[in-house]
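What follows draws every value from the coordinates through simple rules; no lab data is involved. Predicted model only: the values in this text are computed from it and were never measured. Every residue, glycine as well, gets a Cβ built from its backbone with ideal geometry; the counts of neighbours run over all protein chains shown.
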Amino acid sequence: MNGLADEDLALLLLIRCFERKLLALFEQGELNGTTHTCLGQEYVPVSLRPLLRDSDWIFSNHRGHGHYLARFDDPEGLLAEIMGRKGAVCDGVGGSQHLRRGRYLSTGVQGQSMPVAAGVALHLSRHEPGALACAYIGDGTWGEGAVYEALNLAALWRLPLLVVVEHNGIAQSTPTPAQMAGTVAGRAAAFGVRHHAIDALDVTAVRREVAPLIETVRTDPGPLVLEFRTHRLGPHSKGDDVRPPGVRPVDWYAAYRAAHPAQSARVEAAARDRVERVAAEVAARPPAVWGGA
Amino acid sequence: MRVAENLNRALHGLLGDDPSVYVLGEDILDPYGGAFKITKGLSERFPGRVLATPLSEGAIAGAAAGLALAGEKAVVEIMFGDFAALAFDQIVNFAAKSVTMYGRRVPMPLVVRCPSGGHRGYGPTHSQTLQKHFLGVPGLSLFEVTPFHDNRGVLDRMLALGEPCLLFEDKVLYTRPMYGEGAVDELFTWRLVDDVAVVELAGGGDPDYTLIVPGGLAHRAVSAMRTLLLEHDLAGALLVPSRLHPFDPAGVPGLVPLLARTGLVCVAEDGTAGGTWGEHVAAGLHTRLWGTLRRPVALVSSAASVIPTAVHLEREVLVQDTTIRSAVLEGLHG
Ligand SMILES: Cc1ncc(C[n+]2csc(CCOP(=O)(O)OP(=O)(O)O)c2C)c(N)n1
Ligand SMILES: [Mg+2]
C-alpha cells in the first residue's frame, strides 16, 4: 500500500477509533438507541475528501459517521449528538442517522435522499455550476424505487449528482446475491448513467482513479455512480453480525499497518488518545437542550 | 371567474413575482397544461422553472424538497391526489420532519397540490380525498381550495409558513365560479373571520344550525342550506376554512359567539369515516365548547366504500347536498 500523509492516516484512524469507542460505549450501556459503524469503509469518505468542495452538498445515510468526520473533523459534535449532550450537532434530536450541518444532511430512510439530492443538484446546476450533490448509498438501498426515480430524473435533466455506492456485499443480514438481481453497473447502464467500480482500498490509488471522473460531473453535468467494492468489518449495528465468524472481511488497515508499522502505531495511538479525551469530555457535559424548532 | 382560472392566475402571478419558485409535475407543459389545465401557459412564460417530470411522484416530491432545502420554493402538482400516496415518504418522513428533526428549524417552502374528490366518474383510484392520511403530522399543514379564498393569497401564505403544505383541490370546484365579494346568492352573504369564510343568511338572526366544511363541499353545503331554509324554514350558517389543519374553530374568537348560539354544529367532509378531519374538528369543539353546545356535533362522511365508477353507484357513496340536509334534520329533530 502507498504511504499516506499523517493527516490522511490520522483522519482514517480517528474514524476507526471513534467507531470502536461507540461500540464500547454501547456495551457499557452508555449509549441509547442504535448506531451503525463504518469500520472497514473509512477510506471511502477520506479518499473523497479533497475531491469534494465546500460548495458541494453531501447526503449521507445510516452508516454516516465517517462521512461526517471526513467533512467536518468534529468528533465532539458528533459524539454529543449520539450521546444527547450539550453541543450536539442537531441538539440531540436527530441522533446518529439524522444529521444536518450546512450542506451536509443525512436521513434514516434508505433511498430517500436520492430524489432530494437530485433537487439540490437541480438548484446547483442553475445557480452554482461546478458544484455537485453527492449521495452515499449502500448496495441494499438499490432495492428502493426512489433510487431509480432519482437516477432517471438526474439523467434526463443532466444533474450534477454523484452517487457513491458503498457496496459492502451485505444489507443488514442479507448478502447481496440474495437481494440484488443483476448488478449496480447494469442498472446504471440501463439509465445511460456513467458508472465506475473501485476495488482499490488504498486512498492514494482511489483518489488517482476517481478524481478525473468526479471532475466530469462538474464540467459535463449528469449523474455518475461510483461503486466502491468495500468491506463491512463490524456488525450491521451492534452485536447483530450473523456472518460466519471464520470468514474475516478484508481490512484496509491490516494491509496498511503491515506496510507502515511505525507510522501506524504512532498515528493510531494519537487517534485513540484523541477519541478517549473527546469521549470523557463529552460524557461529562450536561444533556442537550432542544431549543425547539 | 372560475376557480380553475383563479388558481392558474395565482400560479402565473407567483412565478412572475418570485424567481425562486419552481413548478414540477407530470404533463404540466403547454400546450397540454396539466391534466386539469391548472398550469396552462406557465411553461411558455417560465420555461426554466416549470418542469415536466416522469411518472415519479416520490421523486417529484423529493426533488421539490431538495429545491426547498437549497433555498428555492417549489409547487408540485400530483396529477390525481390519490397518487400522493406514492409521495407519502417524501412528504411525511422527509419534508415535514426536516423542518424540525435537525434541531434547528430548516425552512421547507413546498406546496403539494392534490386534485381530489369524485363526482366525475373516474372510479376508485382517481376520486379520493386523502386528507385524513396526512392529519396531525408535525411540520405539515393541510389547506383546501375554496370558492371564497383567492388562491394567490393562499399560495403566498403556504410558502411563507416555511413548512410543506398539501393543497387539496376539489375537481368539481375547478369548474365553479369564485364567489364575488360579499354575496353568495340572493339569500346568503359571506365574510371572512380570520381565514374562515362565514356564510350567513342575509339579515338573519341566530342560526338554527352551523355547517363546517372544506372548500370542496361549499356548493353542496350552500345548496343544502337553501333547501333547509325554503322547505324547512331553518336558517343556517356555514364555515369554510382555508387551512384545514391545524384548524381550531373554537379557538377563533370571532367564531365563538356564532358557534355558541347555534342549535347544531354539523361537520361534513369527503372521504370515509374513521380518523378524519371532521372527527378531529368535532373533538375540538366538544372539548372547548362543552357546556355551551346544544347538541353533539353531527358528522357527515362518504359511505364506507371504495368510490364506484358508474354514475348511479358513485352518487350513492359520495356526500351530496341531500346527505348534508338529512344530517341536519336528523341532528335537530331526529
Ligand atoms: C426504507 C428503509 N427500509 C429499511 C430500513 C432498515 N435498514 C437500515 S440499514 C439497512 C440495510 C441497508 O443496506 P445497505 O444499503 O447495503 O447499506 P449498509 O448497511 O450495508 O451500509 C436496512 C434494511 C431503513 N432504514 N429504511
Ligand atoms: Mg451494504
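When the helix-only estimate is applied to chain A (DSSP H runs of n ≥ 4, each -39,500 (n - 2.57), divided by the residue count), what is the mean residue ellipticity at 222 nm, nearest 500 deg cm²/dmol? Walk me through the numbers on the way to the answer.
Details: 11 runs with 131 residues, N = 293.
Helices in chain A give a 222 nm mean residue ellipticity of -14000 deg cm²/dmol.
Taking a spot 7 Å from the Cα of A:Gln263 along the direction of its beta carbon, which residues of segment A:47-72 have an amide N less than 16 Å from it?
Within reach of a label on A:Gln263, which here means backbone N under 16 Å from a point 7 Å along Cα→Cβ, segment A:47-72 contributes A:47.
Largest first, please: the extent of the C-alpha atoms of segment A:70-161 along each principal axis, to the nearest Å.
44, 32, 19
Express in % the proportion of alpha carbon pairs of segment B:3-175 at distances exceeding 22 Å. Write out the running numbers ahead of the final one.
Numbers: 5451 of 14878 pairs.
Tail of P(r) above 22 Å: 37 percent of Cα pairs.
Rounded to whole Å and ordered largest first, report the semi-axes of the equivalent ellipsoid of segment A:80-131 derived from its Cα gyration tensor (root of 5λ). Don't skip to the answer; put the middle values down first.
Values: eigenvalues 145, 36, 6 Å².
Equivalent ellipsoid of segment A:80-131: 27, 13, 5 Å, largest first.
Just want the answer: with Cβ charges of +1 for Lys and Arg and -1 for Asp and Glu, which residue in A:Tyr256, B:Met225, B:Ser20 is farthest toward the dipole's positive end in the protein assembly as shown?
It is A:Tyr256.
Mind pulling up the Rg/Rh value for segment B:147-255? Radius of gyration and Kirkwood radius, both on Cα. Write down the numbers at each step before the final one.
On the way: Rg = 14.3 Å, Rh = 14.7 Å.
Reported Rg/Rh, Kirkwood definition of Rh: 0.97.
Compute the angle between helix B:218-232 and the longest alpha-carbon principal axis of chain B, please, reported from 0 to 90 degrees and rounded to the nearest 10.
10
Between the helical axis of A:113-127 and the dominant principal axis of chain A, each derived from Cα atoms, what acute angle in degrees is found, rounded to the nearest 10?
60
At 10 °C and 1.306 mPa s, grab the translational diffusion coefficient of segment A:178-293 from Stokes-Einstein with a Kirkwood Rh over Cα pairs, rounded to a whole number in µm² per second. Present the calculation step by step, with values, prior to reporting the outcome.
Working: Rh = 18.9 Å.
Estimated diffusion coefficient is 84 µm²/s.
Rounded to whole Hz and in sequence order, give me ³J(HN,Hα) for segment A:40-48 from the Karplus expression 6.51 cos²θ - 1.76 cosθ + 1.60, θ = phi - 60°, writing x for Gly and Pro.
For segment A:40-48, the Karplus curve yields x, 10, 4, 5, 5, x, 5, 4, 7 Hz.
Partner chain Cβ atoms within 10 Å, averaged over the residues of B:101-112 - can you pull that number for me?
Details: counts 11, 13, 18, 10, 3, 3, 0, 0, 0, 1, 0, 0.
Counting other chains' Cβ atoms within 10 Å and averaging over B:101-112 gives 5.
Output the peptides B:304-312, A:30-38, B:40-48, A:8-16 sorted from most to least packed, where packing is the average of other Cβ atoms within 10 Å over each peptide's residues. Spell out each step's value before the answer.
Numbers: B:304-312: 13.4, A:30-38: 18.6, B:40-48: 16.0, A:8-16: 23.4.
Final packing ranking: A:8-16, A:30-38, B:40-48, B:304-312.
Mind checking B:67-78 for the average number of partner chain beta-carbons within 10 Å of each residue's beta-carbon? Could you put the intermediate results ahead of the total?
On the way: counts 8, 4, 10, 13, 3, 6, 0, 3, 0, 0, 0, 0.
So the per-residue partner count for this stretch is 4.
Enter the Cα centre distance for the pair segment B:132-208 and segment B:84-129, rounded to the nearest angstrom.
So the two Cα centres are separated by 19 Å.
Kirkwood hydrodynamic radius, segment A:102-151, all distinct C-alpha pairs: what's the number in Å? Kindly include the intermediate steps, with their values, before the conclusion.
Working: mean 1/r = 0.0874 Å⁻¹.
Taking every pair of different Cα atoms in segment A:102-151, averaging 1/r and inverting gives 11.4 Å.
Which whole number of Å³ per residue matches the convex hull of the alpha-carbon atoms in segment B:183-229?
In segment B:183-229, the Cα convex hull volume per residue is 82 Å³.
By how many degrees, 0 to 90 and rounded to 10, does the Cα axis of helix B:151-161 deviate from the longest principal axis of chain B?
The angle comes out at about 70 degrees.
Give me, ordered by chain and number, the residues 5 or more places off B:Ala197 or on other chains with an amide H under 5 Å from its own placed amide H.
Placed amide hydrogens put B:Val240, B:Ser242 under 5 Å from B:Ala197.
What is the dipole size for the protein assembly as shown, taken about its Cα centre, with +1 at each Lys and Arg Cβ and -1 at each Asp and Glu Cβ, in debye to the nearest 20?
Values: 57 positive and 68 negative charges, 190 e Å.
For this selection, approximately 920 debye.
Taking every alpha carbon pair in segment A:1-124, what does the distance histogram look like in 10 angstrom bins from 0, in percent?
13, 44, 33, 10, 0
Dividing the convex hull volume of the alpha carbon atoms of chain B by its residue count, what do you get in Å³ per residue?
Numbers: hull volume 44.1 nm³, N = 334.
It is 132 Å³ per residue.
Can you give me the long-range amide H partners of B:Leu211? Hydrogens built in the peptide plane at 1.01 Å from N, cutoff under 5 Å, separation of 5 or more residues or another chain.
Long-range HN contacts for B:Leu211: B:Ala237, B:Leu238, B:Leu239, B:Cys266.
Write down Rg/Rh for the protein assembly as shown, rounded to two decimals, with Rg from the C-alpha atoms and Rh from the Kirkwood relation over Cα pairs.
On the way: Rg = 28.4 Å, Rh = 26.8 Å.
Taking Rg over the Kirkwood Rh, I get 1.06.
Return the Rg/Rh value of segment B:284-334, two decimal places, where both radii are evaluated on C-alpha atoms and Rh is the Kirkwood radius.
Values: Rg = 14.5 Å, Rh = 12.9 Å.
Taking Rh as the inverse mean 1/r over Cα pairs, Rg/Rh reads 1.13.
Which whole number gives the average, over all residues in A:91-99, of C-beta atoms from other chains lying within 10 Å of the residue C-beta?
On the way: counts 4, 1, 6, 6, 1, 0, 0, 5, 3.
Counting Cβ atoms of other protein chains within 10 Å of each residue's Cβ and averaging gives 3.
Grab the protein assembly as shown and count how many Lys pairs have their alpha-carbon atoms under 24 Å apart, sequence gap of 8 or more, or different chains.
Final tally of qualifying lysine pairs is 10.
For segment A:6-283, list log₁₀ I(q)/I(0) at each q in 0.09 Å⁻¹, using the Debye formula over Cα point scatterers of equal strength and ignoring solvent, two decimals each.
Each listed q maps to, in turn, -0.40.
Going toward the positive end of the dipole of the protein assembly as shown, with +1 on Lys and Arg Cβ and -1 on Asp and Glu Cβ, which of B:Trp190, B:Leu135, B:Pro241 do you reach last?
B:Leu135
Where does each of B:130-140, B:252-262, A:76-86 land if you order them by average Cβ count within 10 Å, highest first? Don't skip to the end; give the middle numbers.
Values: B:130-140: 18.9, B:252-262: 15.9, A:76-86: 21.8.
So the peptides B:130-140, B:252-262, A:76-86, ranked by packing, come out A:76-86, B:130-140, B:252-262.
Considering just Cα atoms, how many Å³ per residue does the convex hull of segment B:1-88 enclose?
Considering the Cα atoms of segment B:1-88, their hull volume per residue is 88 Å³.
So, with +1 on the Cβ of K and R and -1 on the Cβ of D and E, and no other charges, what is the size of the charge dipole of segment B:3-175 about its Cα centre, to the nearest 20 debye?
Values: 15 positive and 18 negative charges, 56 e Å.
Around 260 debye, computed over segment B:3-175.
Considering the Cα trace of segment B:188-333, what is its radius of gyration and what is Dmax, both in angstroms?
When restricted to Cα atoms, segment B:188-333 yields Rg and Dmax of 14.5, 45 Å.
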